[in-house]
Each structure stands twice: as C-alpha cells, then as structure tokens.
Amino acid sequence: MKHLFIIFLSSVLVQFGWSQELRLLDSVITSVYTDNNWEIDGGIIYEPLMDGAILASNFSIEGDRRHFFTNEILEFHDSGNFSTVTVQKYDELSSLFVNDVRDSYVYDADDNLVSITRQQWDRILEDWMDDKRVEYLLYDSFNNFLQSDRYNYDPEDGWELASKMRINNFYENDLLDSCYKIRNGMPFYHSVYNYDEQNLLREQEVVFYYLAAPNIHARYSYEYNDENLRSVYLYEDYSLSIDQTDYIPRFKEYYDYNIKGALVQNTREVFDLSEQVFNPAVRQNYFYQISTQLEDLISTELEVQWNNSMIGQVEICVKELNVGEKYRLSIFDNSGRIIKNATIENRGQWCQRYSMESGMYHLVIYDAHGKRQVQKFIVN
C-alpha cells in the first residue's frame, strides 16, 4: 500500500482531505486609488512553458491598451528549486523582448542555497556578463544561513568582495526567537519574533543600526482568519535620529480569500499622518483558471508529521512510489504561482527540504497518467 508521508519543519498547520478542484493563477491585476476610484494600472499574466518553466508577462495600462514591458522566465532544478530567473525587456525599436538580467541559483547536497549570481546581457557581445554574486557560507542546525558574502564583478580584476554579513540566530522551544545581523563588522539588524499559542507569527520587532547605533525601530504585526490564513499585515516604525519614540503606522494590507482558501484580493492602505487615518492606495486582484476534475493519485490515508523547528523550512517525503513511474511534484503559493517544480523518476522514495516564505501553499503530485492529489499547508 502506498502512502504520502510529509514532514513539515517549522510552524505548520495542515488541512486534511484531498481537494477536488485546483485553481492555478492566470493573472494578477493591479489597481491604484485615484480621485476616489480604483483605476487599473497594470498586471501580470502567467503561462506554463513546455519544459516545466513558467513565463510571467508584466504589463501596464496605456489608455485602453495593455503594454507588455517585461517577461520573467522561471526555470527549476530537478529538486524543484529555482535554477534561473531571466528577465527580458521589451525593445521598442525591434518590437521584441530582449535579454536583460539573469539570476542563477546553486544549491548544495543538503539543498541549502550556496550562491546567487546575477548577470547582465551585453547586446554588443550578445552574451551574459557577470555582475554580482552572493555566497552563503555557513548554515546552522535549523538550516538558516549564518554567513554570506557579496561580490561585485570587475572586468579587469574579477570578483571583488563588497560586504560581509554574519548572523547569530537564537531559538526557544525550537522556534526562532531572535536574530542579530552584523555587516562588515558593525551591528546592522536585530529582530525579535513573537508567536501565539498555535505558533503562528504574530509580531516581529526589528531595530536597524546606523554607524553601530540604533536608528530605526520597525514593527510588523499579523492577524489571521478562522482558517489561520493571514488576513491583516500592519507595518509601523519610528526613527531615533529625529527624536521619535513611539511607533507610527505606515501602511496596512488586507487579504481576502475565496471559500476554497485561494487569495483573491490584496489591498494596501497608506497612513495619512495629518489626518491620522488609513487611505486606500493599491489593490491587487487574482484571477484563476479552473482545472479539470482532480483524481486521487494515492487512495489511502495521509500521514503527516511536523515539529516547530524554524520559520520558513519545509521537508517533504514521498514514500513507496512505483520505481518505474515518473512523477512531478509542484508547490503553489496562495496566489496560485508555482514556486517549486520537481521531477521524481525511478525512485521508490523521495525527500526534499525547501526554504519557503511564510504563507499558505498547495502541494500537488502528478503521475504520468495525469492523476493528481492535492494537499494544503501553512508555513510561518
């Protein structure tokens, strides 16, 4: 008998039961609030490519027409992590999209991110030229990086060190309690995390330093709905450099979901200091394609285990697969964008750990016959 065995590392709430419908994101529309009305400003259209990559086409609204100005091509390693993200810009002269920037991702055998290299496209040489690189040098036992070095590329001298980041993470009850960041030997950032009884992140307080002295204090506050989906996000801060001593609201975001838990609208309000009120500013609406009826890939019980080890870490293990079959495992964020895309082939068991941002996700397993099984989970 086959079964799906999933281990979630961090604060994870799992909703049991297989969904009979999967909505994949088709587009995002951005509107701005002007003269007491919402006006469409632009958006993104998503399209899966034949090789498993994803094309994201960004457009703005000019009059009554859409103007596409950039494409993003998202490619994945077999592990499911990003391999490259290529940005192309629209060239008015040729009426074509031309290469602009490419980020390449390298991971080690434990799926820890090793480096991100940015390259710029040289139109004269028609080749990618090195520009910047970040190297992640050391990880703790919770798979959070402790050291990173940033480099800039010089055509004559090669890679030159630009900055060093050193991090100290402190845990309590296997949850990240506080984090200190030191950049180039000087204090840069200190963060403290607060959770509720369900281990959902409720508040994060951050102190940013300038010339080794505390400067800006920031606070990020979160609320959740009855389904433990994030519903409100509030950002506040104050600056000691101008003698402020209490938090000042800056903006607030509201998240609305449909009955299936998919994000349908995100509204940002900006705080007016003179009037002491929040005013609408930007809104994003999410539109989905309805897939065909889903069929169970594995008709047996689902066993799920997790421990509260870290924010943003998830390990997935699929056991007792048919060795001779090919599977695809995809993870979609709550807006329907694919963020992990892995191929499983000639394996009886498959395990993979990912670093993932806080939010709700859909895990989907496809077999070679197109049958799919869906699991919803939430990561702090």
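Summary of computed values
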read-out	value
Given (1) more than 20 Å from the chain's Cα centre (by Cα); (2) at pLDDT 95 or above, number of the condition Asn71 does not satisfy	(1)
Residue tally, condition within 28 Å of Leu175 (Cβ to Cβ) and of a type in the set (S, T, N, Q), over the range 116-150	5
Answer residue from the range 114-126, given it is aliphatic (A, V, I, L, M) and touching a Phe, Trp or Tyr at 6+ places or on another chain (Cβ under 8 Å) and is surrounded by the most Cβ atoms within 10 Å (Cβ to Cβ) among those	Ile116
Considering residues of the range 219-229 that are touching a Ser or Thr at 6+ places or on another chain (Cβ under 8 Å) and in a strand (DSSP E or B) only, the residue modelled with the highest pLDDT	Glu223
Breaking point among (1) modelled with pLDDT of 80 or more; (2) among the polar types (S, T, N, Q); (3) closer than 24 Å to Asn228 by Cα; (4) part of a loop (DSSP other than H, G, I, E, B), for Ser335	(1)
Residue selected from the range 43-78 under the condition charged (D, E, K, R) and surrounded by fewer than 16 Cβ atoms within 10 Å (Cβ to Cβ), by the criterion nearest to Arg337 (Cα to Cα)	Glu47
Verdict on Arg102 being at pLDDT 95 or above and within 21 Å of the chain's Cα centre (by Cα)	yes
Subset of the range 68-96 [part of a strand (DSSP E or B), farther than 17 Å from Met50 by Cβ and among the hydrophobic types (A, V, I, L, M, F, W, C)]	Phe68, Phe69, Phe82, Val85, Val87, Leu96
Search result, residues across the range 230-275 that are aliphatic (A, V, I, L, M), at pLDDT below 90 and part of a loop (DSSP other than H, G, I, E, B)	Ile259, Ala262
Within the range 88-113, considering residues that are β-branched (Val, Ile, Thr) and surrounded by fewer than 17 Cβ atoms within 10 Å (Cβ to Cβ), the one farthest from Ser57 (Cα to Cα)	Val106
Hits in the range 70-98 - residues which are charged (D, E, K, R) and more than 26 Å from Ser115 (Cβ to Cβ)	Asp91, Glu92
Residues satisfying the stated conditions in the range 127-158, i.e. surrounded by fewer than 16 Cβ atoms within 10 Å (Cβ to Cβ) and of a type in the set (A, V, I, L, M)	Met129, Leu137, Leu138, Leu146
Cβ-Cβ under 7 Å pairs, at least 6 apart or on other chains, the range 171-183 side under 23 Å from Asp149 (Cβ atoms), far side not in a strand (DSSP E or B)	Leu176/Met310; Leu176/Ile311
Of residues in the range 259-282 being in contact (Cβ under 8 Å) with a residue 60 or more places away in the chain and over 19 Å from the mean Cα position of the chain (by Cα), the one surrounded by the fewest Cβ atoms within 10 Å (Cβ to Cβ)	Asn279
Residue within the range 118-133 that is among the charged types (D, E, K, R), in contact with a strand residue (DSSP E or B) (Cβ under 6 Å, 6 or more places away or on another chain) and assigned to a loop (DSSP other than H, G, I, E, B) present	no
Test for Asn81: is it surrounded by 15 or more Cβ atoms within 10 Å (Cβ to Cβ), without any contact (Cβ under 8 Å) to a residue 60 or more places away in the chain and out of contact with any His (no Cβ under 9 Å at 6 or more places or on another chain)	no
Residues of the range 316-358 classified as over 14 Å from the mean Cα position of the chain (by Cα) and among the charged types (D, E, K, R), total	8
Identity of the residue in the range 226-253, of a type in the set (Ser, Thr, Tyr) and over 18 Å from the mean Cα position of the chain (by Cα), that ends up surrounded by the fewest Cβ atoms within 10 Å (Cβ to Cβ)	Thr245
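The values are calculated or read from the model by the stated rules, or taken from the named source; none is laboratory data. What you are looking at is a predicted structure, and each value in this text was computed from that prediction instead of being measured. Positions of Cβ are backbone-derived with ideal geometry, glycine not excepted, and every protein chain shown enters the neighbour counts.
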